[in-house]
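Engineer: Quick one: the structure is below, and I'll ask about it shortly.
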Ligand code: HSE
């Protein structure tokens, strides 16, 4: 019998400039870990510990890692509960898909205990529960790539239709200025309507970006990965946004925009060497804008999504 499972789920960059709420990709190495221990005595979910971040709720009804787990136990009428240990590798309110990753890691681990494991699309439904609570809206642009890996396009959630887009072997630079921007707030600043012109401009760029990915055409990706709608409405939430973006683009980035709902910025680079240079220039630019506390990563696009780190049997 499996008694304990630890799963890892990667951080994500979602929107990817062109596809607000419908496009995201996962990163390597940075992410959250969740360990579930089977509790045969009760169907309850108890959070035993949260490492790596302070101030997250221990109430399983309020923590994004466990909200989906509670629904899974209820829906599948599981005769057991879980003791949960969470290790956060993703900073809070950073625009790196932290709520989604915790939720995905927990659901990935829970699947190992099931007599009939669910497929990834079925798991997505439970993982989305946590994300819904965190951001106040259902959008799978973080959850889907964290679970599936790669670059994912969410065509529909009812019914669920996730399209996996081939990913050119690009490197992602992610720079996180140590300020918090809550997703709910970052969504509240967006106007509910857009003009026909912007709609046309963004549609052509999304279509061209996806074409560039299928054709492995880096120049087309560069010409297309531009956000005409959301970025300008959120830029004021990030000190020095336009300067940091310029620093990335002046150093041969293919694209640079807000990661998720901010405040992190991502840039795409052709290779690891250019990525390292872009990262250094983005950090310098943030520092020139008074942001001295930063985290940063360079990562290829993760192709596999969440995975099991350890299974303990008795
Ligand atoms: N796409 C969301 C937003 C964040 O930009 O508000 C990630 O789900």
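Engineer: For the Cα atoms of the chain, what angle does the longest principal axis make with the long axis of helix 120-135, in degrees from 0 to 90, nearest 10?
Structural biologist: It is inclined by approximately 70 degrees.
Engineer: Using Cα atoms only, what is the angle between the long axis of helix 272-288 and the major principal axis of the chain, expressed in degrees (0 to 90) to the nearest 10?
Structural biologist: It works out to around 80 degrees.
Engineer: While we're on this one: Just how many % of Cα pairs in region 171-300 lie over 27 Å apart, if you round to the nearest whole percent?
Structural biologist: 19 percent
Engineer: What relative contact order, as a whole-number percentage, does region 171-300 give when Cα pairs under 8 Å and 6 or more residues apart are counted?
Structural biologist: Computed over region 171-300, the figure is 42 percent.
Engineer: Roughly what percent of Cα-Cα pairs across region 28-71 reach past 15 Å?
Structural biologist: Of all Cα-Cα pairs in region 28-71, 48 percent lie more than 15 Å apart.
Engineer: Follow-up. Just want to confirm a number: the relative contact order over the chain, from Cα pairs under 8 angstrom separated by 6+ residues, in percent.
Structural biologist: It comes to 26 percent, rounded to a whole number.
Engineer: Roughly how many whole Å is it from the C-alpha centroid of region 206-225 to that of region 84-122?
Structural biologist: Each part's Cα centre sits 30 Å from the other's.
Engineer: How many angstrom lie between the C-alpha centres of region 50-75 and region 128-187?
Structural biologist: Distance between centres, Cα-based: 19 Å.
Engineer: For region 168-226, just the Cα set please: Rg and Dmax, both in angstrom.
Structural biologist: 15.3, 37
Engineer: Now, a different point. Give the percent of DSSP beta bridges with both residues in region 1-147 that are antiparallel, rounded to the nearest 5. Intermediate values should be presented prior to the final figure.
Structural biologist: On the way: 17 of 23 bridges.
Among the beta bridges of region 1-147, antiparallel pairing accounts for roughly 75 percent.
Engineer: Hey, another quick one. May I ask for log10 I(q)/I(0) of region 1-117 at q = 0.17, 0.19 Å⁻¹, from a Debye sum over the Cα atoms as equal point scatterers with solvent left out?
Structural biologist: Evaluating at q = 0.17, 0.19 Å⁻¹ gives log10 I(q)/I(0) of -0.80, -0.95.
Engineer: Relative to the first principal axis of the alpha-carbon coordinates of the chain, what is the inclination of helix 196-215, with its axis defined by its Cα atoms, in degrees from 0 to 90 and to the nearest 10?
Structural biologist: 70 degrees
Engineer: Further question on the same structure: Take each of the peptides 213-225, 163-175, average the number of other beta-carbon atoms within 10 Å over its residues, and list them starting from the highest. List each step's numbers first, then the result.
Structural biologist: Working: 213-225: 16.8, 163-175: 19.2.
So the order, starting with the most tightly packed, is 163-175, 213-225.
Engineer: Write down, largest first, the equivalent ellipsoid semi-axes of the chain in whole Å, where each equals the square root of 5 times an eigenvalue of the alpha-carbon gyration tensor.
Structural biologist: 33, 20, 18
Just so you know, all these numbers are worked out from the coordinates, no wet-lab data involved. None of the values given here were measured: they were computed from a predicted structure. Using ideal geometry, Cβ is built from the backbone for each residue, glycine included, and neighbour counts are taken over all protein chains shown.
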